[in-house]
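Computed from the coordinates by the stated procedures, all read-outs in this text should not be read as laboratory data. Quick caveat, the model's predicted, so the values are computed rather than measured. Note that each Cβ is placed from the backbone with ideal geometry, even for glycine, and that neighbours are counted across all protein chains shown.
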Amino acid sequence: MVSELTTGQRQMALTFLAMLALLGLFVAAFGRADPIGGHGWLVLVFSLLSLFAVLTNYYDPEPAADRSAAYYDAPVKAGIIIAMIWAVIGMFVGAWVAWLLVNPDLTFVEEAWASFGRLRPVHTTAVIFGFGGNALIATSFYVVQRTSRTRLAGHLSPLFVLWGYNLFCLLAVTGYLWGINQSKEYAEPEWYADLWLVIVWVAYFVLYLRTLARRKEPHIYVANWYYLAFILVVAVLHIVNGLALPLSWAQAKSYSLFAGVQDAMTQWWYGHNAVAFFLTAGFLGMMYYYLPKRAERPIFSYRLSIISFWGITFFYMWAGSHHLHYTALPHWVQTLGMTFSVMLLIPSWASAGNALLTLNGAWHKVRDDATLRFMFIAAVFYGLSTFEGSFMAIRSVNALSHYTDWTVGHVHAGALGWVAMITFGAIYASVPWLWKRKTMWSPALVEVHFWLALAGTLIYVFAMWNSGIIQGLMWRTYNESGTLAYSFLESVEAMHPYYIARAVGGSFFLLGALVACYNIWMTIRAPQPAGALQDDHPQERTDPVLEAGR
Amino acid sequence: MAIEHDTLVHLSKTFGLFYLIALSVGVLIYAYWPRNKARFDAAARAILNEEDRPCP
């Protein structure tokens with residue numbers, strides 16, 4: 001990574017890392033009486049290790065004078081590898097907490113950090129922000145360069161975005177284990193980690209805009225619109241929901257600026273839009289590039305993709321209040337959220353249908369190519385889970401589904417079936433392109449991963465549908481005398497078989513991710529094939545015009 | 001001046017409705033404007049181009 005930087009840029013990186021190390025030292029010193037001190041040490045170690053990595057490669061030869069003749073893929077490659085590491089961590093913890101629900105004794109150690117309440121946010125953060133976020137950053141860097149036909153606008157800032165983001169993820173995950181948590185779902189990290197993420201995210205936004213401004217294509221391809229919506233709106237959501245006042249500069253604990261029902265509404269405005277713009281818009285960007293590319297067919301209707309883009313961005317904003325049905329939130333705000341959630345079905349299905357119709361005429365490829373099949377299944381699950389989501393947002397349906405495992409099942413239909421599947425598809429497509437290989441090391445293992453992931457998702461989702469509906473019904477069944485027919489504990493006992501099934505499904509999914517890691521590792525390690533491919537794509541090329549840029 | 005609950009309700013029931021309708025109409029006109037079709041089709045096809053280095 002360092003070899004792509006000039007000496008001046010290497011010096012700037014060293015200066016920045018030294019300052020960061022100093023900041024870490026200050027926090028460690030002044031916060032030594034508080035958990036924040038531990039995070040000071042973490043920042044110190046992280047920046048010293050990075051400093052060391054730059055120093056060891058400091059005297060590497062400088063890059064060629066004109067770097068703009070090639071795409072900047074070093075951060076993309078690193079991002080994909082880091083995403084897979086987070087995938088394994090996050091899915092392992094996920095499988096662990098799933099087994100904990102089957103057998104509460106599986107904590108193994110009698111320590112606070114090993115309790116369900118601390119492990120659960122480690123799972124969600126590691127899979128959503130660690131795996132999903134790194135995959136989004138890496139693929140967005142890949143896609144914006146290819147669709148704009150220009151190199152990323154900067155050499156240090158992409159590295160800052162990638163590594164700075166991962167420092168945030170580390171602060172988040174280690175914080176939960178130490179008990180640092182501001183108790184806002186999907187926004188658990190405390191104020192200082194939030195502030196750091198704001199800096200990283202603004203750098204990401206500026207980098208993306210500057211790259212687009214350099215584009216050589218007249219039109220900004222639709223995938224970039226989705227990526228840009230993801231970056232911009234996540235910044236807005238994160239800043240507003242994170243508004244908080246720390247006890248002091250040397251303490252981790254902070255209090256939200258919002259109180260009562262306003263706090264709840266702000267949190268779920270954030271929470272649902274995190275689903276909308278992190279887990280949907282970003283991955284739609286991924287889909288609109290990789291699916292047509294892999295199927296070798298242009299998107300079925302470009303016009304439809306524009307209409308669904310504006311529909312999704314402007315409808316999703318108002319849907320968050322459906323998380324607060326039957327609460328102190330004013331009734332009309334609940335109805336507003338419900339109405340927008342139902343309306344969202346239109347742009348959501350427009351995207352899902354657009355993806356599936358793009359495959360029309362390429363079904364033989366879907367059959368033969370597991371990578372494209374990952375993307376196909378992702379589009380199917382996207383359609384399914386957006387339908388389910390609109391349905392569950394209706395107040396009377398929510399009366400049955402809310403607080404039950406049905407919600408958990410719905411989230412995982414989206415997270416495993418849509419988000420993870422499209423990501424695996426995009427990663428399997430990019431890895432050979434990036435490392436100049438003809439194919440993945442083992443297409444058979446891609447096939448194995450596909451079936452493990454699909455089986456895992458189906459087992460998981462069916463288990464939670466059953467469990468959730470049984471739970472919901474047991475909680476609202478009355479006997480002749482007008483009192484509840486079942487105690488809460490009876491409903492917990494009824495869940496046990498489904499919890500076993502869920503843990504099995506989740507373990508299948510984890511196993512699939514491990515297979516993927518092995519396959520990616522072997523693809524990277526495999527010796528460069530004879531007559532090594534110089535360009536990204538596996539096709540042999542003879543066109544002399546393409547040589548001009550070398 | 002504090003923003004009253006009623007003001008917000010009034011805003012969302014009037015302005016909220018009209019700007020979303022205006023936005024939807026605007027997007028539809030933009031997407032289906034005949035002159036834009038060639039540009040959109042070109043953009044959809046351009047990503048399939050096999051060229052894989054930045055334009056000079």
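Points worth noting:
- Distant alpha-carbon pairs in region A:141-229 (separation over 16 angstrom), percent: 58 percent
- Cβ-derived FRET efficiency at R0 45 Å, residue A:469 paired with residue B:39, nearest 0.05: 0.40
- Global geometry of region A:378-444, whether rounded, prolate or oblate, following the gyration tensor of its Cα atoms and the 1.5 cut on a/c: prolate
- Counting, for every residue in B:24-37, the Cβ atoms of other protein chains within 10 Å of its Cβ and taking the mean gives 3.
- Directionally averaged projected area (region A:1-61, Cα convex hull): 3.8 nm².
- Helix-only mean residue ellipticity at 222 nm for chain A, each DSSP H run of n ≥ 4 adding -39500 (n - 2.57), per residue, nearest 500: -22500 deg cm²/dmol
- For chain B, the Kirkwood radius over C-alpha pairs fed into Stokes-Einstein at 4 °C and 1.567 mPa s yields D = 85 µm² per second.
- Between the Cα long axis of helix A:116-125 and the first principal axis of chain A there is an angle of about 40°, rounded to the nearest 10.
- Diffusion constant of region A:3-138 at 4 °C, which comes from Stokes-Einstein with the Kirkwood Cα-pair radius and 1.567 mPa s, µm²/s: 72 µm²/s
- Region A:276-338 - convex hull of the alpha-carbon atoms, volume per residue in Å³: 86 Å³
- Entries in A:293/A:438; A:77/A:216; A:184/B:13 that, when Cα-Cα distance is taken, lie over 22 Å: A:77/A:216; A:184/B:13
- Of the chymotrypsin sites (Phe, Trp or Tyr not before Pro) found in region A:341-445, those in coil by DSSP whose Cβ has at most 16 other Cβ atoms within 10 Å are A:403.
- For residue A:244, the residues whose modelled amide H falls within less than 5 Å of its own, excluding neighbours fewer than 5 places apart on the same chain, are A:257.
- Region A:463-527 shape via C-alpha gyration tensor axes, a/c threshold 1.5: prolate
- Given chain A, longest segment not containing exposed loop GluC sites (Glu not before Pro) (DSSP; at most 12 other Cβ within 10 Å): A:112-295
- Between helix A:370-392 and chain A: long-axis angle, C-alpha atoms, 0 to 90°, nearest 10: 30 degrees
- Over region A:1-121, relative contact order from alpha-carbon pairs under 8 Å, at least 6 apart, %: 23 percent
- Modelled spin-label separation between residue A:255 and residue A:19, with each label point placed 7 Å from Cα along the Cα-to-Cβ direction: 3.4 nm.
- Placing R0 at 56 angstrom, the Cβ-Cβ distance between residue A:387 and residue A:59 gives a FRET efficiency of 0.45 after rounding to 0.05.
- Note that chain A, at 37 °C in a medium of 0.692 mPa s, gets a Stokes-Einstein diffusion coefficient of 133 µm²/s from its Kirkwood radius over C-alpha pairs.
- Global size of region A:364-497 as Cα Rg and Dmax, reported in angstrom: 19.6, 72
- ³J(HN,Hα), Karplus 6.51/-1.76/1.60, whole Hz, each residue of region A:185-197, x for Gly, Pro: 4, 6, 9, 5, x, 7, 3, 6, 5, 4, 5, 4, 5
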